[in-house]
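The values are calculated or read from the model by the stated rules, or taken from the named source; none is laboratory data. This one's a predicted model, so the numbers in the text were calculated from it and none came from an experiment. So basically every Cβ, Gly included, is an ideal-geometry build from the backbone, and we count neighbours across all protein chains shown. Side chains are part of the model used for accessible areas, which takes the heavy atoms of the whole protein and leaves out ligands, DNA and RNA. Shrake-Rupley method; radii C 1.70, N 1.55, O 1.52, S 1.80 Å.
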Amino acid sequence: MQDDKAGGVPIRTVKSFLSKIPSVITGADIVQWLMKTLNIEDPAIYLCKRTMQNKARLELADYEAENLARLQRAFARKWEFIFMQAEAQVKIDRKKDKTERKILDSQERAFWDVHRPVPGCVNTTEMDIRKCRRMKNPNNVKKSVYGISEDSQMQSPVHRVAQTAKKPAKDDLKKQITFLNIQLDRHCLKMSKVAESLVSYTEQYLEYDPLLTPQDPPNPWISDDSTFWDMESSKEPSQQRVKRWGFSFNEMLKDPAGREQFLKFLESEFSSENLRFWLAAEDLKKRPLLEVPDKVQETWQEFLAPGAPSAINLDSHSYEITSQNVKDPGRYTFEDAQEHIYKLMKSDSYARFLRSNAYQELLQAKKKGKSLTGKRLTGLMQSS
């Protein structure tokens, strides 16, 4: 934009009484540059061409006619020039072969359907589809780029008018208030906090990255020693693994030794059914489809049915959803119940496990074992 030689905006020095103002540009210069660079006249030329062609096949829709009138008002001074350009393009198109004309016309229509879609359609060039999919409340009223609510995009104009007439203004206001409240509830973090969190996470897991921190035993990815894998798969966890259980509840559940120790702790508190149900729901997701119905009934009878031998504590909402899901069994029948039990264990049992003597003794024992091993290795090296 600043490069005058490459067709940028002309920059001048303006004299004002006894002084000079260097490097001055006008708003009109910027507008002219934008129109020239971004081809803003193209929509007007395209619609003008459509009016000159076969009206039975290419007649303008109502919204296109409105856009043409709006553009004609906006470019009133240059409209004659725009019309001449459209006329010249039509003459060139008429000289082409009929098949080629149809192909070019289809390509042109497809281009403008994407960049100037019909009102009510989602404009992918101006709206983030992923944000639309992540919206928590699908019934809220969000204005599109054309001023039409998203919940009426798939309805006919007659139905939309009838629906608008039926709904009082109060309902629309309530929907908009609900939508704005959801937007306010979205968590926003400062960039400094995000960077601090990322650095903290990296430092926490640094010693567990075999590509960045020298391992004892050696890194199996760059050596032929497989001792590291043997230790990771053993039931006797290393000090690093025991320490890692304290990072998060998910870290402990991922480790078979961690799950085993946590199960022993829950058995001591007479609440092992929570973890056993969670593991059964995880196992269900990996089962062959033919085994799923039997596994669903087995899990239901053991943990959720009236008088179940290992009944779990579910809220009424999750229990109702799960009861309906059992009627049509699938791999994710217990998804809601599993999520509820996961949150319950994470907020209650897991915190007590980390404070328990069993975990603290295991952590200290592994630290002592590591320090003794280190002393033995140091002694052997000194004696040699």
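A single entry from E282, E273, E267 fulfils the requirement of being in contact with a Phe, Trp or Tyr (Cβ under 8 Å, 6 or more places away or on another chain), part of a helix (DSSP H, G or I), closer than 30 Å to A358 by Cβ and of a type in the set (D, E, K, R): E273.
I need the full set of residues from segment 330-358 which are surrounded by 18 or more Cβ atoms within 10 Å (Cβ to Cβ) and either at pLDDT below 90 or not in a helix (DSSP H, G or I) (or both), in order please. Matches in segment 330-358: T333, F334. Please work out if A88 is exposed (fewer than 14 other Cβ atoms within 10 Å of the Cβ), among the aliphatic types (A, V, I, L, M) and within 11 Å of K49 (Cα to Cα). The answer is yes for A88. Taken as a whole, the condition of being free of Cβ contacts under 8 Å to residues at least 24 places away in the same chain and under 14 Å from L284 (Cα atoms) does not apply to E339.
Going by the structure shown, is T333 touching a residue at least 24 places away in the same chain (Cβ under 8 Å) and under 27 Å from the mean Cα position of the chain (by Cα)?
yes
Of everything in segment 292-317 that's among the acidic types (D, E) and open to solvent by less than 80 Å² (accessible area, probe 1.4 Å), which residue is modelled with the highest pLDDT?
Filtering segment 292-317 for residues among the acidic types (D, E) gives 294, 298, 302, 315.
From what is left, the residues that are open to solvent by less than 80 Å² (accessible area, probe 1.4 Å) are 302, 315.
On the way: E302: 93, D315: 88.
Among residues in segment 292-317 that are among the acidic types (D, E) and open to solvent by less than 80 Å² (accessible area, probe 1.4 Å), the one modelled with the highest pLDDT is E302.
Within this structure, R287 passes the test of being surrounded by fewer than 17 Cβ atoms within 10 Å (Cβ to Cβ), under 36 Å from the mean Cα position of the chain (by Cα), of a type outside the set (S, T, Y) and assigned to a loop (DSSP other than H, G, I, E, B). Within segment 29-48, is there a residue that is surrounded by 15 or more Cβ atoms within 10 Å (Cβ to Cβ), modelled with pLDDT under 70 and of a type in the set (A, V, I, L, M)? Yes.
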